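Asker: Got a structure for you, questions after.
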Amino acid sequence: MNQEYFMRLALEEAKKGDAPYGAVIVKDNAAIAVAHNTVTRDSDPSAHAEINAIRSLTAKLKSPSLKGYSIYTTGEPCPMCAAACVWTGISEIIYGASIKDLTDSNQSQIDISCEQVIAKSFRNIKVTRGILRKECLELFN
């Protein structure tokens, strides 16, 4: 499996949500959790795809730690989602469309990159950008 494979899973998951965001959490080359945005459905402003995937997996593991896991997201994690990645200790964030891409597409965003959040934290999380960027952006058009 490669990064494009897992991002394609995130793209498919994104199509199920209130907004076109999908997330896949991966460990040992296997998708362990998938989720989409349910903000409107759940009347929960924190129900972003990344948060939903993290909540699902940490509940299943009965642990708040996701050390050694990677998260694939169709859109760059917002500050809330990036902070959740910091708190869980996720090892890598891989995203398609950047926050700048999303604001350029008239999506509501807080203009703080996930790397800025990570830089201010106590964690060293690897960030890989632009995987299937074009396909991720198409979700918003």
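The values are calculated or read from the model by the stated rules, or taken from the named source; none is laboratory data. Computed from a predicted model, the values in this text were never measured in an experiment. Every residue, glycine among them, receives a Cβ derived from its backbone with ideal geometry; neighbour counts consider all protein chains shown. Keep in mind that these areas ignore ligands, DNA and RNA; they rest on the heavy atoms of the full protein, side chains included. Shrake-Rupley method; radii C 1.70, N 1.55, O 1.52, S 1.80 Å.
Asker: Any idea which residue in the stretch 10-31 is modelled with the lowest pLDDT, counting only those that are crowded, with 18+ Cβ neighbours inside 10 Å and within 23 Å of residue 89 (Cα to Cα)?
Answerer: Filtering the stretch 10-31 for residues that are crowded, with 18+ Cβ neighbours inside 10 Å and within 23 Å of residue 89 (Cα to Cα), the one modelled with the lowest pLDDT comes out as 21.
Asker: Would you point out which residue out of 54, 32 is out of contact with any Cys (no Cβ under 7 Å at 6 or more places or on another chain), in a strand (DSSP E or B) and hydrophobic (A, V, I, L, M, F, W, C)?
Answerer: Every option except 32 fails the conditions.
Asker: In addition: For the structure I just gave you, tell me whether residue 73 is touching a residue at least 40 places away in the same chain (Cβ under 8 Å) and of a type in the set (S, T, N, Q).
Answerer: yes
Asker: If you don't mind, there's one more thing I want to ask. Go through 47, 35 for me and flag whichever is surrounded by fewer than 22 Cβ atoms within 10 Å (Cβ to Cβ), closer than 19 Å to residue 19 by Cα, modelled with pLDDT of 95 or more and among the aliphatic types (A, V, I, L, M).
Answerer: Result: 47 is the single residue among 47, 35 that is surrounded by fewer than 22 Cβ atoms within 10 Å (Cβ to Cβ), closer than 19 Å to residue 19 by Cα, modelled with pLDDT of 95 or more and among the aliphatic types (A, V, I, L, M).
Asker: From the set of residues in the stretch 84-122 that are open to solvent by 90 Å² or more (accessible area, probe 1.4 Å) and not in a helix (DSSP H, G or I), which is nearest to residue 22 (Cα to Cα)?
Answerer: That would be 108.
Asker: Can you tell me how many residues in the stretch 70-83 are out of contact with any Pro (no Cβ under 7 Å at 6 or more places or on another chain), closer than 15 Å to residue 10 by Cβ and not in a loop (DSSP other than H, G, I, E, B)?
Answerer: Of the residues in that region, 6 qualify.
Asker: Quickly run through the stretch 13-29 and pick out the residues that are more than 15 Å from residue 73 (Cβ to Cβ) and either in a loop (DSSP other than H, G, I, E, B) or not basic (Lys, Arg) (or both).
Answerer: 18, 28, 29
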